[in-house]
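Read through the structure below, which is laid out as structure tokens, and then see the notes.
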Amino acid sequence: MTRRATVTTRHGDDESAERVAAALRPDNTAEMETTTDDDAVRTVIERDSTGGLLSTVDDYVVNVRIADTLQS
């Protein structure tokens with residue numbers, strides 16, 4: 001069974017969201033998809049195990065915080 005998480009973060013405006021998404025996409029694996037919608041960045045992550053999903057989400061959240069800090 002595949003596990004799935006969707007992480008949505010808001011970044012103030014469209015331009016900020018695009019910059020954050022652009023910083024995140026190079027680290028995405030084949031099981032991750034990052035999109036933007038207005039001021040939001042949305043990433044869907046799929047993994048085969050709960051532990052793998054938790055680990056990936058944890059790493060992703062750290063990367064979002066860094067990208068958001070650096071883009072502003």
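The values are calculated or read from the model by the stated rules, or taken from the named source; none is laboratory data. On a predicted model such as this, the values are computed, not experimentally measured, just so you know. With ideal geometry, Cβ positions are generated from the backbone for all residues, glycine too; neighbour counts draw on all protein chains shown.
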Check: Does any residue of the range 44-52 turn out to be free of Cβ contacts under 8 Å to residues at least 40 places away in the same chain and surrounded by 12 or more Cβ atoms within 10 Å (Cβ to Cβ)?
Finding: no
Among the residues of the range 10-33, the number that are within 14 Å of LEU70 (Cβ to Cβ) and part of a strand (DSSP E or B) is 0
Within the range 34-72, residues among the basic types (Lys, Arg) and either at pLDDT below 95 or part of a helix (DSSP H, G or I) (or both) come out as ARG65
For the range 53-72, the count of residues that are crowded, with 17+ Cβ neighbours inside 10 Å and charged (D, E, K, R) equals 1
